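K.L.:
First the structure, which I've put down as structure tokens, then a few questions once you've had a look.
Readers should treat all values here as calculations from the given coordinates under stated rules, not as data from a laboratory. Here the structure is a predicted model, which is why all the values come from computation and not from measurement. A quick note on method: Cβ atoms are made from the backbone with ideal geometry, for glycine too, and the neighbour counts reach across all protein chains shown.
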Amino acid sequence: MFKTSHSASAIDFEQVKWLLRYGTTELWYEKPSNALLKRMKRAEADGHEADELAMSIAKPAEIQVPKVWASAALTTPTDKKVHVCAAAHKHDSDEDSLVMTCRRCTDKKANALQATELAYCLVFNTTQIPEYMPPNNTTGAKQIYKLVKCGSREAAVAEVFHAVGLNGWNLVFSCVMRASDDVEERGAKFKRVGDLWMLAGTDHDDEEGYRVFY
């Protein structure tokens, strides 16, 4: 297993947004062409329902050295320390001053996140083995992708290590959204937030799209 923990960018999100917008969890898909995605977007813009993605009859390969991308979505705890106090709170002790964190802001944001149902979205990838190819030969095989959603970071991490360690699949992307958001209802527009706690409450709601952290 090869593990990496580099930051994700908007470009990385664009590579998998099609699966978050149109995919059904636990099913394997081949990545649609740009032309098909444009037709689906035009149909939505005209008020029509976009065509469903074509599912792949899955025969996923076991990769010898699968990759795990442990980005911020999987490594940020819900009680992450808040270093910048926006309310000018007084520190409760000298210890708080030394570590440069605001305990009151940290607790407030952590409690708000705990009251918010989150969806941890995992995108797995491997190669599709055609029927006519030997099981251990994946030369020329197509790439297939699967979306899995979990209700907590702990559940997501467990799912990752099961899928990677047992099945040999790559984890190619992960992000966090609110479980109550129905991405199909609003044309699946997304707005990136810089901190996980921004997924809680309504302070950052707008008409630009659903909040996503990655």
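K.L.:
Once both labels are modelled 7 Å past Cα along the beta-carbon direction, what's the Val65-His83 spacing in nm?
P.N.:
Computed distance between label sites Val65 and His83 equals 3.3 nm.
K.L.:
By count of other Cβ within 10 Å, fewest leading, how are Cys150, Cys102 ordered? Show your work: numbers first, answer last.
P.N.:
Working: Cys150 19, Cys102 22.
The fewest-first ordering by Cβ neighbours comes to Cys150, Cys102.
K.L.:
I'd like the Karplus ³J(HN,Hα) series for the range 171-178: coefficients 6.51, -1.76, 1.60, θ = phi - 60°, whole numbers in Hz, and an x wherever there's a Gly or Pro.
P.N.:
For the range 171-178, the Karplus curve yields 9, 9, 6, 8, 7, 10, 9, 7 Hz.
K.L.:
Measure off 7 Å from each Cα along the Cα-to-Cβ vector at Ala58 and Glu14, then give the distance between these two points in nanometres to one decimal.
P.N.:
Output for this residue pair reads 2.8 nm.
K.L.:
Looking at the range 6-86, what % of the alpha carbon pairs are farther apart than 21 Å?
P.N.:
Working: 1704 of 3240 pairs.
Beyond 21 Å sits 53 percent of the P(r) for the range 6-86.
K.L.:
Can you list the lysines whose alpha carbon sits under 24 Å from that of Lys191, skipping same-chain ones fewer than 8 residues off?
P.N.:
Filter leaves Lys17, Lys31, Lys38, Lys41, Lys80, Lys81, Lys108, Lys109, Lys146, Lys149.
K.L.:
How large is ³J(HN,Hα) for each residue in the range 21-33, as worked out from phi by the Karplus curve 6.51 cos²θ - 1.76 cosθ + 1.60 (θ = phi - 60°), to whole Hz, x for Gly and Pro?
P.N.:
Once rounded to whole Hz, the list reads 6, 10, x, 9, 4, 6, 10, 8, 9, 8, 5, x, 5.
K.L.:
On to the next question. State the extension gain, in nm to one decimal, for the chain segment bounded by Glu131 and Ser33, taking 0.36 nm per residue of separation less the distance between their alpha-carbons. The partial results should precede the final answer.
P.N.:
Values: separation 98, 0.36 × 98 = 35.28 nm, distance 2.31 nm.
So the extension gain works out to 33.0 nm.
K.L.:
What list of ³J(HN,Hα) values in whole Hz, one per residue of the range 57-68 in order, does the Karplus curve 6.51 cos²θ - 1.76 cosθ + 1.60 (θ = phi - 60°) give from phi, with Gly and Pro shown as x?
P.N.:
Result, ordered by residue: 6, 6, 9, x, 7, 8, 7, 5, 10, x, 9, 10 Hz.
K.L.:
Taking H as built 1.01 Å from N, whose amide H comes closer than 5 Å to the amide H of Gln143, not counting residues under 5 places away?
P.N.:
Counting only residues 5 or more places away or on other chains, the set is Gln128.
K.L.:
Full-extension gain between Phe161 and Thr25, please, as 0.36 nm times their residue separation minus the C-alpha to C-alpha distance.
P.N.:
Numbers: separation 136, 0.36 × 136 = 48.96 nm, distance 1.79 nm.
Difference between extended and current length: 47.2 nm.
K.L.:
Using amide H atoms built in the peptide plane, which far-off residues or other-chain residues are under 5 Å from Ala119 H to H?
P.N.:
Here Met177, Arg178, Ala179 satisfy the definition.
K.L.:
Pull up all non-local amide H partners of Trp28: gap of 5 or more, or a different chain, and H-to-H distance under 5 Å with H placed in the peptide plane.
P.N.:
Placed amide hydrogens put Ser56 under 5 Å from Trp28.
K.L.:
Here's a follow-up. If you average the alpha carbon positions of the range 6-25 and of the range 140-161, how far apart do those two centres end up, in angstrom?
P.N.:
Centre-to-centre (Cα) distance: 13 Å.
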